[in-house]
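The values are calculated or read from the model by the stated rules, or taken from the named source; none is laboratory data. In this text the structure is predicted, and so the values were computed from the model without any measurement. Here the Cβ is made from the backbone with ideal geometry for all residues, glycine too, and neighbour counts use every protein chain on show. For the accessible areas, the whole protein counts, side chains as well, though only heavy atoms, and no ligand, DNA or RNA atoms are used. Shrake-Rupley method; radii C 1.70, N 1.55, O 1.52, S 1.80 Å.
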Amino acid sequence: MAPAELSLKLKAGSGNRVKDFLNANLVNILAALLFFLLALFLLYPIIAVLVKSIRGPSGFTLEYYRTFFAKNYYYRSLFNTLLLGAINTVVCLVIGFCLAYMTTRGPYPLRKPLKVISLVPLIAPPYLFALSLIILFGRNGLVTRMFDLHWQLYGFAGVVISQTLAFIPLAYMMLENTLMSLNPNLEESAYDMGASEATILRTITIPLMAPGLLKAALLIFVMTIAEFGNAAILAGRTPFLAPDTYTMITGESDFNMGSVLSVVLIAPCIIIFFVHNYLLEGKKFTTIGGKPVASEPRKITPVIKVPLIIVTTAATGAILICFAVVLAASFYKILGVTDKFILANYLDFTSNQAIANSIRVSFIAAAIGAVIGVLLAYVIVRGKFFGRSFIEMASLSGFALPGTVLGIGYLLAFSAEPLKLTGGIMILALNCVFRFLAVGVEAGISKLHQINIEIEEASADLGASFLTTFYRIVLPIMFPAFIAGFIYTFMTAIVSLSAVVFLVSPGFQLAAVKIFDAAVYGEIGIASATTIKLILIVMLCLAVLNYVTKKTRLGSGLKQPVA
Amino acid sequence: MKGKFISVAVAAIFCVALVGSVAAEEINAYMGTSPDNNAKIVQFIKAKTGITVNQSFQSFGEIEARVKAEAPNFNADMIIGCGSSTGFMAKKNGWAVPYVSPAWNGVPDVFLDPQGNWYNIGNFSFVLVSNKDRLARAGLTMPKSWKDLLDPKWKGEIVMPSPLSSGTANMMRFSFLALYGDAEGWKFLEALDKNIHHYTRSGNAPTDLVGRGEFILGITSDENVKKRVDDGYPLVWSIPIEGTGYDGTFVLILKGTKKLETCKKIIDLLGTPEFSAVMAEIGYMTPRPAENKLYGKTLPKYIKLDLDKAADDKPKNNDIWKAKLRSTFE
């Protein structure tokens, strides 16, 4: 009797010890696991690109960099790319701000339509604008012919215009979010005390928005210099780094030079990333009151009103016209050449598989990305271990990584055994997960900062195990962040081209790549019809997602994809 | 509740991800003809054998780059449609699985490798295309000789593909080098460059750009010209008096495939007169005699070519091309 009792006791004891150990160290174990994932799927591919750029067939060499800096061509390419990024960022921010201001502070009836128009291009491939511009303003475009104009669309100007139109939605989305989370009471009190709209803007709104503006600037800059669809279609002979990198890899299979171009593309992004972090140091304005609030419409003075109206009308007008062109093109055999109304473009089913693949990849990526994002945020905020800030840095670095870099990195890192992933669908999903991780992580961090650790401690003191606490307390609080990460990853993954274009393989074609091929190839009708189909399907997906989250009464995070 | 929702969602997603890999007889192939023609070939194979061919559209140049980068772990079972240079390279490096197909008996030697490393399903060429309307509006006529393209009146009105990404452009380059000899050939290309607006990614892109009237002249692959004329583009095409070059559309089985028998079935099918008829209908010069829908009964005049030499010279010529033609931009 006695020995049996003893052994039973021992067993229970050892069981408890395992449990205690787990309870005490689960955060650390989780951190180690996440660190491993980050190292494998984010750092390793980047290092692979760095190594490739300095390692020739006969050992390490700086020859490739020498070539880069010796050739006028590459220098011009770099210059054009940076200039494009700078112009784009500024213009997109200005337009995005005007739109966001109108939809959060402007008259009620305008808010919803403006918001919809500004957001729709987010789920269309960015190079759609290049297509519309050719149809309208090309050398034989509809408008060009109508007014017998002689302008040059192909070149720097064309790329800037199409890229700006393509990234207005992103700028709008981020700035609207920032404006929504500013407590309007401050502005309203200032207004009540007689401050003019301009003064309020200058002294309250814009300074309070600084962190959001900086973040948006960083993201737009990085995304424009890496997105090469518009440049590949409209650049003509003007060199840009992203399309050059693409030709270097896919056309010449020169991975050394391709890696050098990528590294050169990373450098400015990393610099801006650090400047951004430095500027934001100690300037985190946490949202007072927590919940996003829409402001009452105020009387806006004409000085502000007129430019606002001009900018918003011009921007939404341009977006609408481009979409109208795409919609029209999808119903014509060749818009502007043989104007015969047909439905054949929609009945072309070769693109359906690609659309299905895109949705599948984006869904898998969004699910994995949202889970990892939430866990990372938890570990970063609650963990107390060595290297915590490193993990934070790494997981937020996605903001600053041009897509081409991770595309080539994945190709270099995962094309040979034992880590062979190329040729499958997971490489596409994982690539999207780690590229777009930052948004989910950041949303998670800001949510966690809103709750006091005492709630978790209380739960633990009352005897709940770590898992129970995590499951019952932490997860519900972080659910909005989960949804934010999910939706952002889903939407960005579905239209993004710059990284996955290196990773698609026969049988795993994606819609964004398919549309790009059709566009480059001249199948404008098919490209347009596929785009429209993709937009409709993505909207449907988002609606379903929205419905599901609402049904489960967890939808408060939906409105803030970017915290 | 809330946690459950997540786990259910995740589980559902993985289920969705797993379904869809249902096994049927199917292979993955790199296919380098135009998207339309790829689809035609895929449909033909499906109709005759029931085999599903998964494919992604890439240009010849891109397929070669891809194969070079992936070797020896290829992500496809076959290539259906690549340039001769890729075929020769695959044979030399042992990337192809040799298979001597009985179905190809009696086909002339230029269309197959005696050891069965590659098969050629059809030769294609490049032609000069022009936009009728723009030509008339500008009061110009179709050039008779390639040299006529050097006239400054065409400045900024000609497009052609870039040999860095397009196999068709590589064919144009080695054809002009063969026609004029290396030294004179490069001089010609440099002079031509002054009139070229820009170089496109795909060998067929000039057909569409000229068809839309964006540019007056294009040097382009012939594989799509007939279809675009039928579609209603105001296109005229011709082959200047010096003639045109050609390249094959090679098919080969990639090493490491787990579906060798399926691949063999496809090779067999591609050797039939029926398939040659499909390719001739598009405009290809086929291994089995068939009436060509683009050129009709009169064969175009061909420039004398050495495809082996062209394949060997490709990397060197890419370097020269970049050095000579890239530094001159504005």
For region B:97-122, pairs from a residue that is under 17 Å from B:A277 (Cβ atoms) to a residue that is of a type in the set (V, I, T) and open to solvent by 10 Å² or more (accessible area, probe 1.4 Å), with Cβ under 6 Å and 6 or more apart or across chains, are B:G122/B:T286
Which one is nearest to A:A216 (Cα to Cα) among residues in region A:90-113 that are of a type in the set (S, T, Y) and under 23 Å from the mean Cα position of the chain (by Cα)?
A:Y101
For the list (1) at the interface with another protein chain (Cβ under 8 Å from one of its Cβ atoms); (2) in a loop (DSSP other than H, G, I, E, B), I need the number of the one condition that B:H198 fails.
(2)
With the structure loaded, tell me whether B:D193 is of a type in the set (D, E) and out of contact with any helix residue (DSSP H, G or I) (no Cβ under 6 Å at 6 or more places or on another chain) or whether it fails that test.
no
Among the candidates A:I334, A:I368, A:I380, single out the residue that is assigned by TED's automatic domain parsing to the domain that holds A:Y488 and either within 22 Å of A:G522 (Cβ to Cβ) or at pLDDT 90 or above (or both).
A:I368
On the basis of being more than 14 Å from chain B (Cβ to nearest Cβ) and more than 22 Å from A:I355 (Cα to Cα), does A:L110 make the cut?
yes
Scan of region B:156-184 for residues that are of a type outside the set (S, T, Y) and more than 13 Å from chain A (Cβ to nearest Cβ), ordered by number
B:M171, B:M172, B:R173, B:F174, B:F176, B:L177, B:A178, B:L179, B:G181, B:D182, B:A183, B:E184
Can you pull out every residue in region B:275-289 that is in contact with a helix residue (DSSP H, G or I) (Cβ under 9 Å, 6 or more places away or on another chain), without any contact (Cβ under 8 Å) to a residue 24 or more places away in the chain and within 14 Å of B:F44 (Cβ to Cβ)?
B:E281
Among strands (runs of 3 or more DSSP E) completely within region B:3-106, the ones holding 3 or more residues that are modelled with pLDDT of 90 or more are B:26-31, B:78-82
Of all the residues that make up region A:66-78, how many are of a type outside the set (K, R), open to solvent by 20 Å² or more (accessible area, probe 1.4 Å) and within 13 Å of chain B (Cβ to nearest Cβ)?
5
Reported set for region B:41-82 where residues are closer than 23 Å to B:N318 by Cα, of a type in the set (A, V, I, L, M) and surrounded by fewer than 23 Cβ atoms within 10 Å (Cβ to Cβ) is B:A69, B:A71
Of everything in region A:343-386 that's charged (D, E, K, R) and facing chain B (nearest Cβ under 10 Å), which residue is farthest from the chain's Cα centre (by Cα)?
A:D348
It is to be established whether one or more residues within region B:166-173 are out of contact with any helix residue (DSSP H, G or I) (no Cβ under 8 Å at 6 or more places or on another chain), in the same structural domain as B:F215 (by TED's automatic domain parsing) and basic (K, R).
no
Where the second residue is modelled with pLDDT of 85 or more and in a loop (DSSP other than H, G, I, E, B) and the first is assigned by TED's automatic domain parsing to the domain that holds B:N117 and lies in region B:62-77, which pairs have Cβ atoms under 6 Å and are six or more apart or on separate chains?
B:I63/B:G32; B:A71/B:W95; B:F74/B:G256; B:D77/B:T257; B:D77/B:K259
Could you tell me whether region A:495-511 includes any residue that is facing chain B (nearest Cβ under 10 Å) and open to solvent by 20 Å² or more (accessible area, probe 1.4 Å)?
yes
Being surrounded by fewer than 19 Cβ atoms within 10 Å (Cβ to Cβ) and at pLDDT below 90 is true for just one of A:V143, A:V94, A:V90. Which residue is that?
A:V143
Output the number of the condition that A:A198 fails; it satisfies all remaining conditions of (1) at pLDDT 85 or above; (2) among the small types (G, A, S); (3) out of contact with any Leu (no Cβ under 9 Å at 6 or more places or on another chain).
(1)
Out of curiosity, is A:M539 open to solvent by 20 Å² or more (accessible area, probe 1.4 Å) and modelled with pLDDT of 80 or more?
yes
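Quick grid of which residues meet (1) open to solvent by 30 Å² or more (accessible area, probe 1.4 Å); (2) at positive phi; (3) at pLDDT 85 or above:
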{"position": "A:L133", "(1), (2), (3)": "no, no, yes"}
{"position": "A:D148", "(1), (2), (3)": "yes, yes, no"}
{"position": "A:Y154", "(1), (2), (3)": "no, no, yes"}
{"position": "A:A157", "(1), (2), (3)": "yes, no, yes"}
{"position": "A:S162", "(1), (2), (3)": "no, no, yes"}
{"position": "A:A166", "(1), (2), (3)": "no, no, yes"}
{"position": "A:S181", "(1), (2), (3)": "yes, no, no"}
{"position": "A:L208", "(1), (2), (3)": "yes, no, no"}
Does any residue of region A:423-444 turn out to be open to solvent by less than 30 Å² (accessible area, probe 1.4 Å), outside any helix (DSSP H, G or I) and modelled with pLDDT under 80?
yes
Out of everything in region A:226-240 that is touching a Phe, Trp or Tyr at 6+ places or on another chain (Cβ under 8 Å) and not in a loop (DSSP other than H, G, I, E, B), what residue ends up being nearest to the other protein chains (Cβ to nearest Cβ)?
A:A232
Pairs under 6 Å by beta carbon, first residue away from chain B (no Cβ under 11 Å) in region A:406-419, partner part of a helix (DSSP H, G or I) and open to solvent by 10 Å² or more (accessible area, probe 1.4 Å), six or more apart or different chains?
A:L406/A:R435; A:G409/A:I46; A:G409/A:A48; A:A413/A:Y44; A:A413/A:A48
Residues A:E296, A:E227: which one is of a type in the set (D, E, K, R), modelled with pLDDT of 80 or more and not assigned by TED's automatic domain parsing to the domain that holds A:V513?
A:E227
Residue among B:G213, B:G203 that alone is open to solvent by less than 10 Å² (accessible area, probe 1.4 Å), within 13 Å of another protein chain (Cβ to nearest Cβ), over 23 Å from A:L136 (Cα atoms) and not aliphatic (A, V, I, L, M)
B:G203
Restricting attention to region B:111-158, which residues are surrounded by 15 or more Cβ atoms within 10 Å (Cβ to Cβ) and in a loop (DSSP other than H, G, I, E, B)?
B:D113, B:G116, B:N117, B:W118, B:I121, B:G122, B:L140, B:M142, B:P143, B:G156, B:E157
Looking at this structure, is B:L235 surrounded by 19 or more Cβ atoms within 10 Å (Cβ to Cβ) and either of a type in the set (D, E, K, R) or not assigned by TED's automatic domain parsing to the domain that holds B:Y119 (or both)?
yes
From A:A400, A:A377, A:A394, grab the single residue that is in contact with a Cys (Cβ under 6 Å, 6 or more places away or on another chain) and crowded, with 19+ Cβ neighbours inside 10 Å.
A:A400
Identify, from the list A:L265, A:L214, the residue that is open to solvent by less than 20 Å² (accessible area, probe 1.4 Å) and touching a residue at least 60 places away in the same chain (Cβ under 8 Å).
A:L265
